[in-house]
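Participant: I have a structure I would like to understand better, so I am pasting it below and will then ask my questions one at a time.
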Amino acid sequence: MTGVLEFLAQIVEILGGLFHETNALALAYMFIPFVVFLELPLNLMIWLGVLRYYTRRIYAVPTRYPYTPRVTCIITCYSEGGGVRGTVRSMLEQVYPGQIEIIAVVDGADQNPATLSALRAMEPEVERYASRKLVVVPKTPRGGRVSSLNAGLQMARGEILLAVDADTSFDNTMVTEAAGHFRDPNVIAVAGSLRVRNWHDNLLTRFQALEYMITIHLAKVGLGEFHGINNISGAFGVFRTEMVRKIGGWTTGSAEDLDLTLRLKQYFGRYPGFRIAFEPRAMGHTDCPATWKGFLLQRLRWDGDLFYMYMRKHRAAFSVRQMGFWNVLLGLWYGMLFQMIMPVLIVLYTLWLVVMVAPVVVVATFIIIMGLYAVLTALMYITALVFISERRGRDLRLAWLIPLFPFFAMLMRVWSLVAIINEWWRHSSQESSMAPWWVLRKSKR
């Protein structure tokens with residue numbers, strides 16, 4: 001016990017001397033390359049974008065003329081069973097006055113009779129809804145999510161196309177909010193916002209709910225104001241149907257959402273007026289992993305697929321001629337530097353610190369770093385709560401996690417490096433559960 005108290009006393013002593021020259025230089029070495037040059041500019045852009053969004057919402061003249069094109073919603077189903085009914089009902093109950101065509105594609109229908117039966121049992125219920133139609137497509141061979149999306153695309157008759165997962169539900173104003181953006185002929189896609197539906201299950205789901213609030217609900221509002229949306233979520237994306245057909249639909253068995261987004265952006269160099277909008281009021285709700293094993297496997301796939309898309313499949317596409325200057329800049333800065341290079345730098349620096357510096361200095365520096373990140377998290381959280389949140393009561397119940405969130409984020413940075421190495425070394429994108437192995441093996445290495 002005495003040794004522990006002495007160790008803590010040494011940490012306090014070092015914290016008290018942090019403003020001495022040597023400690024200041026050590027901290028500068030840590031924060032200048034990582035925070036000042038990479039994170040801080042991104043956060044400032046997000047804050048400015050949120051302020052612009054909030055101001056525009058107050059002073060913008062509302063658009064009054066009617067715009068209700070036919071909407072096709074492709075629901076990709078696999079093993080949801082009766083849970084798929086919630087997704088279908090959330091589409092049936094949209095307040096959107098136009099027609100909504102729901103195409104539910106059951107992948108591997110013979111292996112998933114419960115999902116197929118649940119959908120067919122809903123057909124009489126759908127008939128009671130005006131301007132709503134349900135088409136159930138039993139796809140016997142399992143071809144993966146991409147195969148289901150392309151099957152639905154062939155049947156789609158709507159001008160606007162929604163691609164959603166069968167375990168995602170929506171606020172009843174979602175279609176109205178998303179469809180309004182397509183009044184502008186230059187809008188080729190809209191990214192919607194996502195909330196964690198099972199946020200109250202345990203500590204892990206609460207962490208993910210706070211993460212979604214900051215990295216999706218807040219960050220995409222800010223980035224969207226500067227035409228900086230880097231990815232349209234696979235759980236919930238809205239597209240101009242003719243544009244999706246023009247690029248050939250979905251073409252990969254893994255990370256199909258990022259792949260489609262990058263292929264859409266490859267038209268921006270020739271058509272600089274094109275843009276991808278973000279609509280925070282188009283809200284979807286999805287279940288996140290409730291176990292650490294499921295969570296780590298999900299992020300292993302997400303971060304590994306990011307490396308695969310940026311460094312292998314679409315590496316040659318990052319040219320001003322194809323994507324335009326702004327998309328190339330954001331792709332390099334946010335997609336590559338912030339999401340792939342920064343985890344490597346942080347892990348390498350941490351290892352250097354552990355090897356070269358006394359343990360008490362390491363602990364003291366770590367406490368300061370986590371404290372500063374907690375302050376940054378608190379500022380982002382307050383910004384989201386005040387200017388964007390439509391469920392403030394629920395979001396307030398996540399506030400107590402702010403001091404702990406930097407530790408969760410640090411763990412994710414380390415795990416991102418594991419995912420990157422796993423993809424680089426093992427081509428893990430060809431082992432995804434999103435499609436059978438014989439489909440994934442056809443993709444280029």
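The values are calculated or read from the model by the stated rules, or taken from the named source; none is laboratory data. Computed from a predicted model, the values in this text were never measured in an experiment. Glycine gets a Cβ as well: all are built from the backbone with ideal geometry, and neighbour counts include every protein chain shown. Quick note on the areas: whole protein, heavy atoms, side chains included, nothing else; ligands and nucleic acids left out. Shrake-Rupley method; radii C 1.70, N 1.55, O 1.52, S 1.80 Å.
Participant: Where does helix 359-387 land angle-wise versus the long Cα axis of the chain, in degrees 0 to 90, nearest 10?
Facilitator: 40 degrees
Participant: At a 1.4 Å probe, what is the % contribution of carbon and sulfur to the accessible area of the stretch 304-363? Spell out each step's value before the answer.
Facilitator: Details: 2280 of 2990 Å².
Answer for the stretch 304-363: carbon and sulfur cover 76 percent of the accessible area.
Participant: Rounded to the nearest 5, what % of DSSP beta bridges with both residues in the chain are antiparallel? Kindly include the intermediate steps, with their values, before the conclusion.
Facilitator: Values: 11 of 41 bridges.
Counting only bridges with both partners in the chain, antiparallel ones make up about 25 percent.
Participant: Within the stretch 220-283, list the chymotrypsin sites (Phe, Trp or Tyr not before Pro) lying in a DSSP loop whose Cβ has at most 14 other Cβ atoms in a 10 Å radius. Can you show the working numbers first?
Facilitator: Numbers: sites: 226, 236, 239, 250, 267, 268, 274, 278; in loops: 226, 250, 267, 268, 274.
Filter output for the stretch 220-283: 226.
Participant: While we're looking at this one, here's another question. Given a 1.4 angstrom probe, I'd like the percentage of the accessible area of the stretch 60-185 that is carbon and sulfur, rounded to a whole number. Write out the running numbers ahead of the final one.
Facilitator: Numbers: 2660 of 5340 Å².
Carbon plus sulfur share of accessible area: 50 percent.
Participant: Give me the count of lysine pairs in the chain whose alpha carbons sit under 17 angstrom apart, restricted to pairs 8 or more positions apart or on different chains.
Facilitator: Details: 220/265; 246/265; 265/313; 313/442; 313/444.
So the count of such lysine pairs works out to 5.
Participant: So how strong a dipole does the stretch 189-289 carry about its Cα centre when Lys and Arg Cβ are +1 and Asp and Glu Cβ are -1, to the nearest 20 debye?
Facilitator: Numbers: 12 positive and 9 negative charges, 75 e Å.
Charge dipole, the stretch 189-289, about its Cα centre: 360 debye, nearest 20.
Participant: Between the stretch 66-128 and the stretch 340-392, how many Å separate their Cα centres?
Facilitator: Their Cα centres are 42 Å away from one another.
Participant: Taking only the C-alpha atoms, wrap a convex hull around the stretch 276-368 and report its volume per residue in Å³ as a whole number. Walk me through the numbers before you get to the answer.
Facilitator: Working: hull volume 18.0 nm³, N = 93.
Hull volume normalised by residue count: 193 Å³.
Participant: Rounded, prolate or oblate for the stretch 36-150? Axes are the square roots of the Cα gyration tensor eigenvalues, ordered a ≥ b ≥ c, and the cut-off for rounded is a/c under 1.5. All intermediate terms of the calculation are to be shown ahead of the outcome.
Facilitator: Details: a/c = 3.27, a/b = 1.60, b/c = 2.04.
Oblate, since a/c reaches 1.5 and b/c is not below a/b.
Participant: Oh, and also: Given a 1.4 angstrom probe, what's the average accessible area per residue across the chain, in square angstrom? It would help to have the intermediate numbers written out before the result.
Facilitator: Numbers: 20600 Å² over 445 residues.
Result: 46 Å² of accessible area for each residue.
Participant: Let me ask something else about it. Can you compute the helix-only [θ] at 222 nm over the chain? Use -39500 (n - 2.57) per DSSP H run of at least 4 residues, normalise by all residues, nearest 500 deg cm²/dmol.
Facilitator: Working: 20 runs with 219 residues, N = 445.
Per the formula, -15000 deg cm²/dmol.
Participant: Roughly how big is the chain's charge dipole about its Cα centre, with Cβ charges of +1 (Lys, Arg) and -1 (Asp, Glu), in debye to the nearest 20? Could the numbers behind the result be given before it?
Facilitator: Numbers: 45 positive and 33 negative charges, 274 e Å.
Result for the chain is approximately 1320 debye, rounded to the nearest 20.
Participant: To test your reading of the geometry: what angle, between 0 and 90 degrees and rounded to tens, separates the Cα axis of helix 2-16 from the longest principal axis of the chain?
Facilitator: Between the helix axis and the principal axis of the chain, the angle is about 80 degrees.
Participant: Mind checking the angle between helix 21-31 and the chain's longest principal axis? C-alpha axes, 0 to 90 degrees, to the nearest 10.
Facilitator: The helix 21-31 is inclined about 10 degrees to the chain.
Participant: While we're on this one: Assuming 0.890 mPa s and 25 °C, estimate D for the stretch 93-218 with Stokes-Einstein, Rh taken as the Kirkwood radius over Cα pairs, in µm²/s.
Facilitator: Approximately 146 µm²/s, per Stokes-Einstein.
Participant: For the stretch 242-292, what is the charge dipole size about the Cα centre, in debye to the nearest 20, if Lys and Arg each add +1 at the Cβ and Asp and Glu each add -1 at the Cβ? Could the numbers behind the result be given before it?
Facilitator: On the way: 7 positive and 6 negative charges, 76 e Å.
In total the dipole reaches around 360 debye.
Participant: Follow-up. In cubic angstrom, how much convex hull volume per residue do the alpha carbon atoms of the stretch 356-415 span?
Facilitator: Details: hull volume 5.4 nm³, N = 60.
Dividing the Cα hull volume of the stretch 356-415 by its residues yields 90 Å³.
Participant: While we're here: What translational D, rounded to a whole number of µm²/s, comes out for the chain from Stokes-Einstein when the hydrodynamic radius is the Kirkwood one over Cα pairs, at 37 °C and 0.692 mPa s?
Facilitator: Values: Rh = 23.4 Å.
Roughly 140 µm²/s, to the nearest whole number.
Participant: Given a Förster radius of 30 Å and the C-beta distance between residue 293 and residue 394 as r, what FRET efficiency does 1/(1 + (r/R0)^6) yield to the nearest 0.05? Mind dumping the intermediate values first?
Facilitator: Working: r = 27 Å, r/R0 = 0.89.
After rounding, the FRET efficiency stands at 0.65.
Participant: Still on this model: Projected onto the charge dipole of the chain (+1 at Lys/Arg Cβ, -1 at Asp/Glu Cβ, origin at the Cα centre), which of 144, 350, 285 gives the Cα projection farthest towards the positive end?
Facilitator: 144
Participant: Here's a follow-up. Between 395, 167, 259, where does the largest GNM mean-square fluctuation fall for the chain, given springs only between Cα atoms within less than 10 Å?
Facilitator: Maximum fluctuation in the GNM of the chain, among the listed residues, is at 395.
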